[in-house]
1. Pull up segment 1-18, narrow it to residues that are under 10 Å from the mean Cα position of the chain (by Cα) and not small (Gly, Ala, Ser), then point me to the one that is most open to solvent (accessible area, probe 1.4 Å).
2. Applying the selection to segment 24-37, what residues are surrounded by 13 or more Cβ atoms within 10 Å (Cβ to Cβ) and either of a type in the set (S, T, N, Q) or assigned to a loop (DSSP other than H, G, I, E, B) (or both)?
3. Applying the selection to segment 1-45, what residues are farther than 21 Å from Gln64 by Cα and hydrophobic (A, V, I, L, M, F, W, C)?
4. Which residues, counting only those in segment 1-18, are aliphatic (A, V, I, L, M) and in a strand (DSSP E or B)?
5. Considering segment 48-68 alone, what residues qualify as being in contact (Cβ under 8 Å) with a residue 40 or more places away in the chain and under 19 Å from Ile4 (Cβ atoms)?
6. Which of the following residues is within 14 Å of Glu6 (Cα to Cα) and open to solvent by 50 Å² or more (accessible area, probe 1.4 Å): Thr21, Thr45?
7. Would you point out the residue of segment 48-68, among those that are crowded, with 17+ Cβ neighbours inside 10 Å and not in a helix (DSSP H, G or I), that is modelled with the lowest pLDDT?
8. Consider only pairs whose beta carbons are under 6 Å apart and that are at least six residues apart or on different chains; among these, list those whose first residue lies in segment 19-32 and is over 11 Å from Glu62 (Cα atoms) and whose second residue is part of a strand (DSSP E or B) and open to solvent by 30 Å² or more (accessible area, probe 1.4 Å).
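The values are calculated or read from the model by the stated rules, or taken from the named source; none is laboratory data. All values derive from a computational prediction rather than experimental measurement. Here the Cβ is made from the backbone with ideal geometry for all residues, glycine too, and neighbour counts use every protein chain on show. Only protein heavy atoms, including side chains, enter the accessible area calculation; ligands, DNA and RNA are left aside. Shrake-Rupley method; radii C 1.70, N 1.55, O 1.52, S 1.80 Å.
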Amino acid sequence: MGEIVEAFISGFCRSSNETRTVACEYERREDGTLKLTEFDCNYETCPNHAACLIYKEAAERENQGTDA
């Protein structure tokens, strides 16, 4: 298992109709890329998951491989 990188992403949550800060954990792989391992929200069951900008930012960080 690689190094764990934590990030806190803030944004507007449509489901709770308020600003939320979500804790994310990424694992840094041997090749330097990041893998999102924890997302402190119920993204999978959220009725607004398709439009979630908080998750979109978390996924972009994973795809870019940049430090969170």
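1. Phe8
2. Selection gives Arg29, Thr33, Thr37.
3. Listed by number, the residues that qualify are Phe12, Cys13, Cys41.
4. Going residue by residue through segment 1-18, those that are aliphatic (A, V, I, L, M) are 1, 4-5, 7, 9.
Once the filter is applied, which keeps residues that are aliphatic (A, V, I, L, M) and in a strand (DSSP E or B), segment 1-18 yields Ile4, Val5, Ala7, Ile9.
5. Once the filter is applied, which keeps residues that are in contact (Cβ under 8 Å) with a residue 40 or more places away in the chain and under 19 Å from Ile4 (Cβ atoms), segment 48-68 yields Glu57, Ala58, Arg61, Asp67, Ala68.
6. On the way: Thr45 fails: within 14 Å of Glu6 (Cα to Cα).
Answer to the check: Thr21.
7. Checked segment 48-68; the qualifying residue modelled with the lowest pLDDT is Ala68.
8. Filtered contacts from segment 19-32: Thr19/Phe12; Thr21/Phe8; Thr21/Ser10; Ala23/Phe8.
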